[in-house]
Amino acid sequence: MNDQNLEKYKPNWFQQLLDYMNLKINIIGFNTINYVESIGKAGIVLFIAMFHKPNFRKSFPLLLKQIYSVGVLSLPIILAASFFIGMVLGLQGYTILVKYGADQTVGQLIALSLVRELGPVVGALLFAGRAGSALTAEIGHMKATEQLASLEMMGIDPIHRVVTPRFWAGFYSLPLLTLIFNVVAIWGGFLVAVGWLGLDSGSFWSNMSAAVNFQEDVINGIIKSVVFGFVVTWVALYQGLEALPTSEGISMATTRTVVYSSLLILALDFVLTAIMFGGLA
Amino acid sequence: MGNLVEVRNLTFYRNDRAIFNNLSLNIMEGKITAIMGPSGTGKTTILKLIAGLLQPDSGTITYNSENIHELSRTKLFQAREEMSMLFQQGGLFSDLNVYENVAYPLREHTNLSEQLIKNLVLMKLEAVGLRGSENLYPEELSGGMARRVALARAIALDPKFIMYDEPFTGQDPISKGVLVKLIKSINSALNVTSVLVSHDVPETLSIADYAYIIADGQVIGQGTPEQLQNSKSSKMEQFLDGMADGPVKFRYPADDYAQHLLRVEP
């Protein structure tokens, strides 16, 4: 056999390993570029949606309509969930604290855990599931049925007409829903702790009002809900615009909205809590 | 009359597949230009490219002597105010009824009184035979009716340039006949430039002033309807007579049929 023939029978595992690594590096590079590109595109969409000169005569009715569908239609789930969460907090708080003779502080426990954490976080998670998914599905459907392209062809920017009113509606609605969540949950906790378990009503309210600081607790909770409203709505709208115009594409985009929003809410909650209450600021 | 739209050396890829490869064509002002071809040849894509809804990989498309893909976003939207497109699926806004859909462009781009808008909407709906359906929502319309409402909306602002994407698909013979006459009369009465994308050969050729037939990313034939019908080109004959076998590929590339059937899949 000459050298050329011998070359054919040499094991080429090294070459295969190189090819495999090359392929993997290519895939990582491709995915990274796509990821960075999509963040850039989402940023551009947000910029155009937020910073264009509004025409109040046309924009205000659109905003009201979206506040109704994003905010008002989310009320039933917020009311029901907050009522049950408040009742559970009252029940759990009372049964644990009574063992230490600290059952008078149930009101304080309920109020602080709600206004600082549960109100903004659970409210935002419910909002992502109810309103975020609906926004993505609606915009994805508008894309699939050529409604967005029709707007473009009429010389109307779909971001101004479709994205902007939905963005502001989500941004304004979630803090208001969070406040409603807090009030109803405290009332649910009161019903259980005072109405059912017999805790003194005066100590329930007086301990609560003594412990809750408006600036530190309530305002910080609202700031959290403003940030969550901003993020959930942004994610939902961008996923809708980027959805593949098929049934499967829309369903995948809707799932992504709920998953990404939920993870971002929890991660941002940690960061905000560390800044607001953990002494990082 | 000159050309309102000029497509020069257009190349457009979707993933790795070349939809158009060095394609050139002209849309003459005030005329009806038909673009025909088998399914999947990119007839809708060419309209979206002309409208600036898609970006070409290379080549230029000029509208009124301006490269549509080099216009700023504001100028592009201004140019689109004098264009209109009838989409294949209609593109009606699902949260608005028929009346509001047709009134939408009028409300957006004019300051007309409500009474005048009502008159215009009813005139456009009467033209497409759907006056009386004002209160219906898009989900209550059949596919053909939805496209007629979309046509009424497309002509609401009396545009200078209309692109029709498969206007005859899903229409019954009566509606088809009415639409053919309507497209012709809109074109001649308002001196509109029209592009008609379709694979309904007899209807399209009956009103077109000039037609292009595209396949495999290229123009395989062009001319007036008479020239096309008298053409001896085997590609043209195959398309116009609707034959599966011929130089224009009907079948997707695949292995030998018998071998494919007999092959045992792992």
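Worth a mention:
- For B:Y99, the criteria (1) more than 10 Å from chain A (Cβ to nearest Cβ); (2) surrounded by 22 or more Cβ atoms within 10 Å (Cβ to Cβ); (3) not β-branched (V, I, T) hold in every case but one, which is (2).
- Members of the stretch B:1-17 found to be charged (D, E, K, R) and out of contact with any Ser or Thr (no Cβ under 9 Å at 6 or more places or on another chain), listed by number: B:D16, B:R17
Results for (1) part of a strand (DSSP E or B); (2) closer than 20 Å to B:G242 by Cα, shown as yes or no for each residue.
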site: B:A152; (1), (2): no, no
site: B:D158; (1), (2): no, no
site: B:P167; (1), (2): no, yes
site: B:L182; (1), (2): no, no
site: B:V197; (1), (2): yes, yes
site: B:Y212; (1), (2): yes, yes
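- Taken over the stretch B:33-79, the residue count meeting the criterion of being over 19 Å from B:N3 (Cβ atoms) and within 14 Å of chain A (Cβ to nearest Cβ) is 13.
- For A:T105, the test of being buried (at least 22 other Cβ atoms within 10 Å of the Cβ), among the β-branched types (V, I, T) and either within 27 Å of A:I223 (Cβ to Cβ) or within 14 Å of chain B (Cβ to nearest Cβ) (or both) is failed.
- The stretch B:167-203: number of residues that are in contact (Cβ under 8 Å) with a residue 60 or more places away in the chain and either of a type in the set (G, A, S) or under 17 Å from B:G42 (Cβ atoms) (or both): 7
- Positions within the stretch B:84-96 being assigned to a strand (DSSP E or B) and either more than 7 Å from chain A (Cβ to nearest Cβ) or modelled with pLDDT of 95 or more (or both), in sequence order: B:L86
- Number of residues in the stretch A:153-199 that are within 14 Å of chain B (Cβ to nearest Cβ), part of a helix (DSSP H, G or I) and surrounded by fewer than 23 Cβ atoms within 10 Å (Cβ to Cβ): the value is 4.
- For the stretch A:134-142, the criterion of a residue being among the hydrophobic types (A, V, I, L, M, F, W, C), surrounded by fewer than 24 Cβ atoms within 10 Å (Cβ to Cβ), free of Cβ contacts under 8 Å to residues at least 12 places away in the same chain and in a helix (DSSP H, G or I) is satisfied by no position.
- Checked against (1) in a helix (DSSP H, G or I); (2) on the phi > 0 side of the Ramachandran plot, A:V235 passes all but a single condition, namely (2).
- Hey, B:P159 under 26 Å from A:S59 (Cβ atoms) and facing another protein chain (nearest Cβ under 9 Å) or not: no
- Test: residue in the stretch A:91-99 that is in contact (Cβ under 8 Å) with a residue 12 or more places away in the chain and of a type in the set (D, E, K, R): no
- One residue from B:T41, B:T45, B:T74 being assigned to a helix (DSSP H, G or I) and modelled with pLDDT under 90: B:T74
- Positions within the stretch B:107-139 being over 27 Å from B:K176 (Cα atoms), outside any helix (DSSP H, G or I) and either aromatic (F, W, Y) or away from every other protein chain (no Cβ under 14 Å) (or both), in sequence order: B:L112, B:S113
- A:G240 part of a helix (DSSP H, G or I), farther than 14 Å from A:A124 by Cβ and at pLDDT 95 or above: yes
- A:V271 surrounded by fewer than 17 Cβ atoms within 10 Å (Cβ to Cβ) and more than 19 Å from A:A131 (Cα to Cα): yes
- Among the numbered conditions (1) part of a helix (DSSP H, G or I); (2) crowded, with 21+ Cβ neighbours inside 10 Å, the only one that B:S188 does not meet is (2).
- Subset of the stretch B:40-63 that is among the hydroxyl-bearing types (S, T, Y) and in contact (Cβ under 8 Å) with a residue 60 or more places away in the chain - its residue that is farthest from B:V201 (Cα to Cα): B:Y63
The values are calculated or read from the model by the stated rules, or taken from the named source; none is laboratory data. Fair warning: this is a prediction, and the values are worked out from it, not measured in the lab. Heads up, the Cβs are rebuilt from the backbone with ideal geometry, glycines too, and the neighbour counts pull from every protein chain shown.
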